[in-house]
Number of protein chains: 2
Amino acid sequence: MKYNSFNPTQKILMGPGPSNIDPRVMESMSKNIIGHLDPEFIELMNEIKNLLRYAFQTKNELTFPLSAPGSAGMETCFVNLVEPGDKVIVCINGVFGGRMKENVERCGGYPIIIEDKWGTPIDLNKVEIALKQNPDTKILAFVHAETSTGVCSDAMELSNLAKSYDCLTIMDTVTSLAGIPIHLDEWKIDAVYSGSQKCLSCPPGLSPLSFSENALTVVKNRKTKVQSWFMDLSLVMQYWQGGSSRAYHHTAPINAMYALYESLRILNEEGLENSWKRHEAVHLELKKGLENLGFSFLVDEKSRLPQLNAILLPDKIKSNEAEIRARLLREYNLEIGAGLGALSGKIWRIGLMGYGASLNNVKTCINALSEII
Amino acid sequence: MKYNSFNPTQKILMGPGPSNIDPRVMESMSKNIIGHLDPEFIELMNEIKNLLRYAFQTKNELTFPLSAPGSAGMETCFVNLVEPGDKVIVCINGVFGGRMKENVERCGGYPIIIEDKWGTPIDLNKVEIALKQNPDTKILAFVHAETSTGVCSDAMELSNLAKSYDCLTIMDTVTSLAGIPIHLDEWKIDAVYSGSQKCLSCPPGLSPLSFSENALTVVKNRKTKVQSWFMDLSLVMQYWQGGSSRAYHHTAPINAMYALYESLRILNEEGLENSWKRHEAVHLELKKGLENLGFSFLVDEKSRLPQLNAILLPDKIKSNEAEIRARLLREYNLEIGAGLGALSGKIWRIGLMGYGASLNNVKTCINALSEII
């Protein structure tokens, strides 16, 4: 059987991720492969950890990229911190909160669910009531930037609440990292995970993680073994935190690490604050264009994510929204995102992430939409 | 803080993996990124599945690459097939058998351990005795090609034994895939995992998997949920096996899939049998050179892996073997592998894998060794 060379069309990715990749990052991936215990690679690992600390605004020693996608990053946080019987308050206001609940259950934990309407931020009052009613809660878990709805929740206030009830926090930053402010240490968040393919504009496949000293103490004092061997931080740490004689755990995805390093270097050159400002500025342009076309947003202005624009579909579009997205992809090489779960068929999700958060992309998207609908 | 562009030295990787990457594969990685639900990508996924079926010599419908390294592939086999209380016979004749035992335990299973000396193949008699003594054994787990010792075990006979006791099989093919014959269907193996960075000469980060119908039935009839969300095949399948409307599970590592496709395409062009023959021929040349230098092999001739040559270190080398490897890397840009676990400091592991299984590499290695020792 004959297989042809794969030559994917050049596309503008304005969905919920993956986003387009900076040519510098693309180029970095095909640099010479070296061994995963090579001194040159270990130096690179150290630089990546430093740059991730900058991106998360943290001094956490255990800050590194997991060798798997963001959903494995989520699982890593839960399997290491949750033991059977542990109570975890899980805030659900979209798809990814629901996934957190699944994770708690699969760890044998006891999830206490706080639900908010999809598209609205997490209600602090409900969280406080749940904390009051369950003083033995171990962890408060929430999504900072819900990729399924485009809503931002108040991470600082959620963490303050958790701390005042002596509770750990797990925060999903898959879509927020580099797109909107994150101040891990200032906010005193205990465990976070992210993804490489959103505002870092890297190929998908890696999940940046960071754990506070507090969280690490809890991991070290576990009564039971972590159920996952691959995600067991006590083992992974021996590779990522060892000195010059690091212990082999698994073979790190070398070339993906080159890409992550280059994307973090680009972020460092631009500056975090400038990256946040750029996402905001470009979002405002997109908003103007979308409103001119008659679209309105799912999320209230004050909780809107600039990097993920969830827009409500008028009835005339709803009926054939999948066909319109397919045409955008086919005729304009433009990908925008569908609604997920309960919002499937009701919204579109337009991403402006990392390298893709540009005025050019805004123009392309608005022009294509105005022609096609 | 200033971070420099990372420019790794060009090196010849003759360790236990990662191996050097074919320039065609390197180039493929930096092709345009497209979405993980894009019709073009779904077509690529189908081709990858077909090519992996060829590589494993199977018709198994569920044959796909997991979006994580080989050790996560191992875990995927165990968490899906083992339920609490299940008896699993685990053959340990190296590091990776030991890891299998860890996996069984973390799934709540009951491992029955069969140990063989490191460097010898799995003893069929011991396996048969264990099967006789434990007629309720659910799974026989073994490593086809032990990366830590360079030994090959008789997969066909092990599978025959398992089948005659109505037992499933889990086989590690991380180092064997494309390097020595694998006939999944002929041998009736139920679950296998591999790695992208060995004889496929791809960047590390993906784990090709294949499950028989038999194994899938067991997964479907589980009494308990799979403890891992990320590795739960019932969820992963909805993405990899869905028709045109695939369900989102996680964001696949797009560019890594481009690389895997290209490496499988190269394997298909050469032909599996030719690839096996090339590994064997090149190994014989290396053997000649090593024996001329006075080295002998850890493993008996009939069980030796051509792609991973474990050689015993004479006393004069033992005392400073780490320094010699460091010099090979520094002065000759040549990486060879250290011993792992119980064999640390006692052997070297010289890999001839995929793109790296070439007469040029043999010459370079023998010349460097003859100069330095």
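Nothing in this text is a laboratory measurement; each read-out follows from the coordinates by a stated rule. Just so you know, these numbers come straight off a predicted model, no measurement behind them. Cβ atoms come from the backbone with ideal geometry, glycine included; neighbour counts cover every protein chain shown.
Quick look at the values:
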| item | result |
| --- | --- |
| Fluctuation leader among B:56, B:142, B:41 - chain B, Gaussian network, Cα springs under 10 angstrom | B:41 |
| Amide H contacts under 5 Å for residue B:112, placed H, 5+ residues apart | B:88, B:89, B:90 |
| Nearest-first distances (nm) between copies at residue A:214, label 7 Å from Cα via Cβ | 5.2 |
| Chain B: translational diffusion in µm²/s, Stokes-Einstein, Kirkwood Rh over Cα pairs, 37 °C, 0.692 mPa s | 154 |
| Ascending list, in nanometres, of distances separating the residue B:183 label from those of the other copies (7 Å, Cα toward Cβ) | 6.7 |
| Most mobile of B:320, B:93, B:134 in a GNM of chain B (Cα contacts under 10 Å) | B:320 |
| Exposure proxy order (Cβ contacts within 10 Å, fewest to most) of A:230, B:64, B:6 | B:6, B:64, A:230 |
| Fewest-first ranking of A:90, A:282, using other Cβ atoms within 10 Å as the exposure measure | A:282, A:90 |
| Per-copy distances of the residue B:157 label point, shortest first, in nm (7 angstrom along Cα→Cβ) | 7.0 |
| Inter-site label distance for residue A:156 and residue B:372 at 7 Å from Cα along Cβ, in nm | 5.4 |
| Mean separation of Cα contacts under 8 Å, 6 or more apart, over the residue count of segment A:28-153: relative contact order % | 22 |
| Dipole magnitude (debye, nearest 20) for chain B, charges at Cβ of Lys, Arg, Asp, Glu | 580 |
| Overall form of the protein assembly as shown per C-alpha gyration tensor (a/c, 1.5; a/b vs b/c) | prolate |
| Dipole in debye (nearest 20) - segment B:215-299, about Cα centre, beta carbon charges: Lys, Arg +1; Asp, Glu -1 | 580 |
| Cut-off 20 Å, label 7 Å out along Cα→Cβ of residue B:327, residues of segment B:352-372 by amide N | B:363-372 |
| Residue-by-residue Karplus 3J(HN,Hα) for segment B:306-314, coefficients 6.51, -1.76, 1.60, Hz, glycine and proline x | x, 7, 9, 9, 8, 10, 6, 9, x |
| Percentage relative contact order, chain B, counting C-alpha pairs under 8 Å, at least six apart | 25 |
| Cut-off of 10 Å, at most 10 other beta carbons, DSSP loop: longest stretch of chain B lacking such trypsin sites (Lys or Arg not before Pro) | B:3-222 |
| Cα-based Kirkwood hydrodynamic radius, segment A:289-367, one decimal, Å | 13.1 |
| Residue closest to axis [chain B; rotation mapping onto A; Cβ; Å] | B:68, 2 |
| Taking N as its residue count, the alpha carbon Rg of segment B:1-138 over 2.2 N^0.38 Å | 1.44 |
| Candidates A:184, A:359, A:200: whichever shows maximal mean-square fluctuation once chain A is modelled as a Gaussian network with Cα springs under 10 Å | A:359 |
| Flagged links, alpha-carbon separation over 22 Å, of A:220/B:198; A:117/B:223; B:287/B:316 | A:220/B:198; A:117/B:223 |
| Lys, Arg +1 and Asp, Glu -1 on Cβ, resulting dipole of the protein assembly as shown about Cα centre, debye, nearest 20 | 0 |
| Distance between modelled label sites at residue A:164 and residue A:300, nm, 7 Å Cα→Cβ extension | 2.0 |
| Relative contact order [Cα under 8 Å, 6+ residues apart], segment A:103-170, whole percent | 32 |
| Cα lying deepest toward the dipole's positive end in segment A:134-225, options A:210, A:141, A:224, charges on Cβ | A:224 |
